[in-house]
Structures are given as structure tokens and as C-alpha cells.
Amino acid sequence: MRKEFVSNVSHELKTPLALMQGYAEGLIDNIANDDKTRDYYCEVIVDESKKMEKLVVDLLDLSIIESGNLTLNIISFDILELTEKVVNTLSPLLIKKRISVNVGSDGETHEALGDIRKVEQVLVNFINNAITYSHSGEKILVNISKVSKMTRVEIFNKHSEVPENELNKIWTSFYKIDKARLR
């Protein structure tokens with residue numbers, strides 16, 4: 001599992017590095033000889049460096065979690081507001097795939113207790129996966145409800161279900177059902 005992890009991370013870092021190198025070399029060689037093209041090259045370099053930074057931060061977080069040294073900052077926050085913020089942040093992906101997201105609630109209080117940063121990461125991951133595995137023009141539903149003293153967030157999309165024999169593996173770090181989509 002560790003070998004596969006190192007392989008996946010190496011691949012994830014290799015792609016943005018190659019793009020950054022190519023665009024930087026293009027700038028050095030004056031291939032981008034007008035302002036618009038130069039700006040585009042610089043934007044690609046910045047975007048790819050941000051992807052790499054996010055990957056490194058995720059790796060550091062994973063290392064902290066695995067070492068048992070994770071400190072959570074538990075506070076009360078509005079989960080509906082946070083969910084709507086995440087959906088808004090992901091709106092460029094939604095627009096690109098012509099996917100709509102309907103965020104609804106049971107009308108109860110939307111107060112949740114947790115580490116807002118970590119909950120936001122989970123929401124981004126789940127909603128992004130719902131977008132990734134939805135077809136163009138489909139709808140994603142997000143439902144927030146109270147169950148006893150807990151807050152439940154459910155995310156639905158109309159993609160094919162996870163095969164029954166794969167369900168027990170979905171919580172394994174870096175596990176992918178479709179091995180062709182290792183990223």
C-alpha cells in the first residue's frame with residue numbers, strides 16, 4: 001500500500017512539475033512574445049504550483065493524522081452556510097459540466113460542532129467526487145438534517161452505484177474503484 005501511495009504521489013507531483021517547467025522554458029525562450037500569451041503562461045505556472053502546494057499540505061495532514069498528533073479545533077458553526085460556501089467555491093466545475101446542486105435542509109437548526117476546516121475538507125472532497133462522477137447536465141442533491149443530536153449531511157448524484165463487493169474498501173486511503181483513474 002505504501003509503494004502504491006508513493007507511486008501515486010510521485011505521479012501527482014510529476015505532472016504539475018512538467019507543466020511548470022515547460023511553460024517556464026517557454027517564457028525563457030520568448031515563445032510567449034505578447035502580453036496575453038505571457039500572462040497565460042504565468043497563470044498556468046501559478047495554477048500548477050497551487051495544485052502542488054495543496055498536495056503537499058494534504059500529505060502533511062495525512063502524516064499528522066497517521067502519527068496521532070492531530071489537534072482538532074472544535075467549534076459551533078452553521079453547516080448549511082459552510083455547505084453553500086463549498087458549493088459556491090466549486091461553481092466553476094459545476095458550470096463547466098452544466099451540473100446543478102440543490103442544497104436543502106429539514107428546517108431544523110443548522111448548528112454543528114466540529115473542526116470547521118476539516119469538515120470543509122470533507123465537504124469539498126465529497127461534493128467534488130459527486131461532480132467528477134456525474135454526467136453533464138445532471139443534478140446533485142445535498143441534504144442536511146438532524147438525527148438525534150447529530151447533524152447528517154447526505155450527498156446524492158445519479159452515477160452508477162459502487163459495486164457491492166467494493167463497498168468495504170471505500171474508506172481505505174487512496175483506494176480507487178476504477179484503477180484507470182489513480183489520480
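The values are calculated or read from the model by the stated rules, or taken from the named source; none is laboratory data. Here the structure is a predicted model, which is why all the values come from computation and not from measurement. Every residue, glycine as well, gets a Cβ built from its backbone with ideal geometry; the counts of neighbours run over all protein chains shown.
From the list Glu12, Glu25, Glu48, Glu81, the lone residue that is part of a helix (DSSP H, G or I), farther than 22 Å from Val122 by Cβ and touching a residue at least 12 places away in the same chain (Cβ under 8 Å) is Glu48. Scanning the stretch 90-121 for residues that are exposed (fewer than 13 other Cβ atoms within 10 Å of the Cβ) and either part of a helix (DSSP H, G or I) or modelled with pLDDT under 90 (or both) gives Ser91, Pro92, Ile95, Lys96, Asp106, Gly107, Glu108, Thr109, Glu111, Arg117. Within the stretch 57-76, the set of residues being touching a strand residue (DSSP E or B) at 6+ places or on another chain (Cβ under 8 Å) and free of Cβ contacts under 8 Å to residues at least 40 places away in the same chain comprises Ser76 only. Of all residues in the stretch 28-45 being not in a helix (DSSP H, G or I) and not acidic (Asp, Glu), which is nearest to the chain's Cα centre (by Cα)? By that ranking, first place goes to Ala32.
Can you tell me which residue in the stretch 126-147 is modelled with the lowest pLDDT, limited to those that are farther than 22 Å from His110 by Cβ and in contact with a Leu (Cβ under 9 Å, 6 or more places away or on another chain)?
Thr132
For the stretch 131-147, a residue qualifies if it is aliphatic (A, V, I, L, M) and farther than 14 Å from Lys96 by Cα, and the qualifying residues are Ile140, Leu141, Val142, Ile144, Val147.
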